[in-house]
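To start, the structure under review is shown below, and the notes come after it.
The values are calculated or read from the model by the stated rules, or taken from the named source; none is laboratory data. If you're wondering where the values come from, they're calculated on a predicted model, not measured in any experiment. When we count neighbours, we look across all protein chains shown, and the Cβ atoms used for this are built from the backbone with ideal geometry, even at glycine.
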C-alpha cells in the first residue's frame, strides 16, 4: 500500500492520478469532498496532521508514503513521521524545496523545510527528498489579470528562476515510491531553462495568441499583494525568497529530471500549451478543455 498525502494539491494530485490504476493506493486528506472522482480506484481516508490518532488508520499497512506538508507555521512533519515509524512504514518520499541547499536562504519557509528534512533524515526510515524549484503552475496566479486586463504583474521582472513542470516532479515522486532506489537521496529538480517573469509573459503571449503587458511591482506593492493572501511572516518569507531570486540564487539548471526519467524536463512553453484554457475567458476555457 502507498499513501499519498496532499492529494488535493499541485503535486499530490498528480502523484495520486499516476498511481491509482497501478498500485494499491490510499489518499489522506482533510477534505475528501475535494478529491472528486479522479482517483476512483484509491481508498480515501480523512485525517489531519494535527490529530495524531487520525493518522494511525491512514498509515496502517502502508509501505511507502508521499509526504507533503504546507503550513510553515505548524509542526506537522514531526507527529506524522513518528506515526509512520510506529506503523512500520519503510520509505518516506518528502516534498521539500530547492532553497534548503542554499546557505544564504534563512527565511521562515526555508528554515521550516530544513527542520522537516532533518526530521525525515533522522527517522530511521528509508527516505528520498524532492527539492524542486518554483512550479511552472505558479503562473496561474496571473490568470485573472491576463483574462481581465492582458497584464502580468510581478516583482523583479528580469530575475531568473529555473522553474519546473509539476508533472515532472510527480513523475520523479512516483519513481521513488515504486522503485527500490537507494535510501538517502536528495533530488534537486529544475526545468530546462532559467526564466524571468518577462520571458514568461512573452511565452504566454505567444502561446495564448494575444498581446500581454508586463508591469513590474515595487517591493511595497508586492508586500501589499502578499499580505492580502498570506500571514505577515509568510509574506515576508516570500519577499526574502524573491530577493534571493533577484540576486541570481535560483537560476541554476540541473539535469536531474532527465537522468531520473530518461527524457528531457518539460519546458514552460509546453506547460502553457497544455494549460492554455486556464488563462482563457470562461466560455473559451470550457471549449478548449473539451478538446
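Brief remarks on what is shown
- Helices (runs of 4 or more DSSP H) within segment 4-91 that include 1 or more residues at pLDDT 90 or above, closer than 29 Å to residue 137 by Cα and under 17 Å from the mean Cα position of the chain (by Cα): 10-20, 77-87
- Total residues in segment 18-34, condition buried (at least 16 other Cβ atoms within 10 Å of the Cβ) and either out of contact with any strand residue (DSSP E or B) (no Cβ under 7 Å at 6 or more places or on another chain) or within 26 Å of residue 109 (Cβ to Cβ) (or both): 5
- Pairs meeting the criteria (first residue in segment 6-27 and in contact (Cβ under 8 Å) with a residue 40 or more places away in the chain and at positive phi, second residue surrounded by 18 or more Cβ atoms within 10 Å (Cβ to Cβ) and assigned to a loop (DSSP other than H, G, I, E, B), beta carbons under 6 Å, at least 6 apart or on different chains) are 6/68.
- Residue that is nearest to residue 191 (Cα to Cα), among those in segment 207-230 that are out of contact with any strand residue (DSSP E or B) (no Cβ under 9 Å at 6 or more places or on another chain), surrounded by 14 or more Cβ atoms within 10 Å (Cβ to Cβ) and touching a residue at least 60 places away in the same chain (Cβ under 8 Å): 207
- Only listed residue being at pLDDT below 95, surrounded by 15 or more Cβ atoms within 10 Å (Cβ to Cβ) and assigned to a loop (DSSP other than H, G, I, E, B), chosen from 242, 235, 249: 249
- Pairs with Cβ under 8 Å, 6+ apart, first in segment 256-272 and without any contact (Cβ under 8 Å) to a residue 60 or more places away in the chain, second assigned to a loop (DSSP other than H, G, I, E, B): 258/264; 258/265
- Close pairs from segment 36-50: first under 15 Å from residue 71 (Cβ atoms), partner modelled with pLDDT of 90 or more and in a loop (DSSP other than H, G, I, E, B), Cβ under 7 Å, at least 6 apart: 49/69; 49/76
- Selection within segment 164-181 - farther than 20 Å from residue 62 by Cα and in contact with a strand residue (DSSP E or B) (Cβ under 6 Å, 6 or more places away or on another chain): 164, 166, 169
- In segment 56-65, the residues that are out of contact with any strand residue (DSSP E or B) (no Cβ under 8 Å at 6 or more places or on another chain) and either within 13 Å of residue 24 (Cβ to Cβ) or surrounded by 14 or more Cβ atoms within 10 Å (Cβ to Cβ) (or both): 60, 61
- Taken as a whole, segment 178-186 holds at least one residue that is surrounded by 15 or more Cβ atoms within 10 Å (Cβ to Cβ) and modelled with pLDDT of 95 or more.
- Condition met for residue 109 (part of a helix (DSSP H, G or I) and closer than 20 Å to residue 248 by Cα): yes
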